[in-house]
Structure formats: C-alpha cells, structure tokens
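*Asks:* A single structure is presented below for examination.
The values are calculated or read from the model by the stated rules, or taken from the named source; none is laboratory data. Model, not experiment: these values are computed from the prediction. A quick note on method: Cβ atoms are made from the backbone with ideal geometry, for glycine too, and the neighbour counts reach across all protein chains shown.
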Amino acid sequence: MLSSIYFQIFLLVLLYFALFFVIAVLKKDNSIVDIGWGLGYVYTANMALYLTNNYNLRSFLITFIVTIWGLRLSYHIFKRNLGQGEDFRYAKWRENWDHFYLKSFLRVFMLQGVLLFIISTPIIKIVSAPYHSLKIIDFIGLFIWGIGFAFEAAADKQLKEFKELPESEKDGHVLKSGVWKYTRHPNYFGDALVWWGYYVIVLAVSGGWKFIFSPIIMTLLLRFVSGVPLLEKRYADDEEYQKYAEKTNKFFPWFQKK
C-alpha cells in the first residue's frame, strides 16, 4: 500500500510538471517552473493526505506547514518575476541549447519533478504513517522549521524592500543589513533549515531516519548547484559585492569579519 502511494504521487508529480511545461511553451518563459517548485510541494503533501485518507494531527500538521512554506515561496517568486521577462538562466539556455523544447522538458521540468519527488518523500512518509501522539521531537522539528521559515521570509522581504528604495537612500547596490549582514544567502540557508525541520519531524515515525537523504539533497542543491553558485558567479566581477563577500559568510550565518 505504502509503495503504491509513492508510485502514484511520483506519476502525479511528473504530470504536474508536464502541465507547467505546456504553460511555459505557451508563454515562451521557462521561469514559470520556479513558481511551480514551491507549489509542487504543496500539491504533493495535499495529494498524499487525500490519497491515504490518513487524517490525524501529525499528517495535518506537516501538510499545513508545507502548504504555508510552499505558498509563500511561490507567491514571492511570482511577484518578483512579474513583468521581468524570462530569468537570465533560462534565457541563456534558450539561446544556447539545440532542440530547446526537448531539452527543457527533460532537463528543466522532468528533472525538477524527479528531484521534487525524491526530496518530498519524508513528507509522504509522515502523512501516510500510522498515527501515534505527538512527541517532543515533533516540536523540535517544528521549531527548526519555524526558524528556517522566518529566516527565508525575512531575507526575501528585506531584499524586496531594498530593491524598492530610491537609489539616493541606498548604501550601494548590495544589501548588507538585516539577515543579509550574517550570510550572503540567508534565503537559501533558511530554505535548507526548513527541510532539516521536516526531517526531524519524520524521525517521530517508524523508519523515519532513513529519509536523511532529503535534507542533504536540498542543502547540497542550494549550496553547490542551483542556488549559491549561480548568484556568486553572476556577481564575480562586482567590486562592491566582493568587498561584502570578504566580510560575510557565504551560507551559514555568523558575525561579519572585521
């Protein structure tokens, strides 16, 4: 039964991203997949709850916090991208790739679908597991999730407000205050911490420890693949950013160097 749930959700996730691919083709904008990323976890958690009919306090709790996190992330990306055209990463691939639509389908949309499914397996496990009363570890996981969520949301809000300031009110073009004072990528750090929170919660159910790969994959993706490296490369020749980088940790928050 449990393996059947995983297989059903895997197929549903691929179908979900195939739909986003169709939208991207019609809009000529692959950036739509970034909006689909956060919503994909909302979709996965809620479909798992619906398919298992396993309605209990823990399954409702995990579905609720995944939904809050995913909706906030996707809304933020939607507002950020509105009227901006295709993200520079996808625009570059559009220019350089032969057989662009085929490669986009496989290397952007289907790849993200597979990754999303793998990363979301602890969510499916929590939702589908037999219920036992909440334990201390559930609350520890919720606390870790809360810190990560607050960190990510604060980073996005502060950056948005900074970009909206008149140039005359900015101290340069690089945000160096708020949570950005402690790490160059507070949004990605917060995102990673959210997933470690989910992992701690899955430890409350039998066999949950096996899902350690989920937060590790998400953290590695953010730190070494799709998050930090792309932005660091983009600002590699920016003098102000490099001065900021000399004093500020790349990923894990800490006090600035003197």
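*Asks:* Does segment 66-77 hold any residues that are farther than 20 Å from Leu231 by Cβ and either in a loop (DSSP other than H, G, I, E, B) or touching a residue at least 60 places away in the same chain (Cβ under 8 Å) (or both), and which are they?
*Replies:* Val66, Ile68, Trp69, Arg72 - these are the residues of segment 66-77 that are farther than 20 Å from Leu231 by Cβ and either in a loop (DSSP other than H, G, I, E, B) or touching a residue at least 60 places away in the same chain (Cβ under 8 Å) (or both).
*Asks:* Which condition from (1) buried (at least 21 other Cβ atoms within 10 Å of the Cβ); (2) hydrophobic (A, V, I, L, M, F, W, C); (3) within 20 Å of Asp156 (Cβ to Cβ) is the one that Leu39 breaks?
*Replies:* Unmet condition: (1).
*Asks:* For a quick check of your reading: which helices (runs of 4 or more DSSP H) sit entirely within segment 157-246 and have at least 1 residues that are in contact (Cβ under 8 Å) with a residue 12 or more places away in the chain and in contact with a Gly (Cβ under 9 Å, 6 or more places away or on another chain)? I'd like the intermediate steps shown before the answer.
*Replies:* On the way: elements: 186-202, 213-220, 228-234.
Result: 186-202, 213-220.
*Asks:* Restricting attention to segment 80-117, report how many residues are closer than 20 Å to Gly38 by Cβ, among the hydroxyl-bearing types (Ser, Thr, Tyr) and at pLDDT 90 or above.
*Replies:* Looking only at that region, the number is 1.
*Asks:* Follow-up. Taking Asp34 and the conditions (1) among the acidic types (Asp, Glu); (2) part of a helix (DSSP H, G or I); (3) surrounded by fewer than 16 Cβ atoms within 10 Å (Cβ to Cβ), which numbered condition does it fall short on, given that it satisfies the others?
*Replies:* Just one mismatch for Asp34, condition (3).
*Asks:* Which condition does Tyr16 not pass, out of (1) surrounded by fewer than 18 Cβ atoms within 10 Å (Cβ to Cβ); (2) modelled with pLDDT of 95 or more; (3) of a type in the set (Ser, Thr, Tyr), if it passes all the others?
*Replies:* Every listed condition holds for Tyr16 apart from (1).
*Asks:* State all residues of segment 78-99 that are of a type outside the set (Asp, Glu), farther than 14 Å from Lys27 by Cβ and not in a loop (DSSP other than H, G, I, E, B); if no residue qualifies, say none. Walk me through it before giving the result.
*Replies:* Keep residues of segment 78-99 that are of a type outside the set (Asp, Glu), which gives 78-85, 88-94, 96-97, 99.
With the extra rule that they be farther than 14 Å from Lys27 by Cβ, the set shrinks to 79-80, 88-89, 92-93, 96-97, 99.
Lys79, Arg80, Phe88, Arg89, Lys92, Trp93, Asn96, listed by residue number.
*Asks:* May I ask you to say which residue of Lys250, Lys257 is farther than 21 Å from Val114 by Cβ, assigned by TED's automatic domain parsing to the domain that holds Gly178, at pLDDT 95 or above and in contact with an Asp or Glu (Cβ under 8 Å, 6 or more places away or on another chain)? Spell out the reasoning first.
*Replies:* Working: Lys257 fails: at pLDDT 95 or above.
None of the other options fit; the residue is Lys250.
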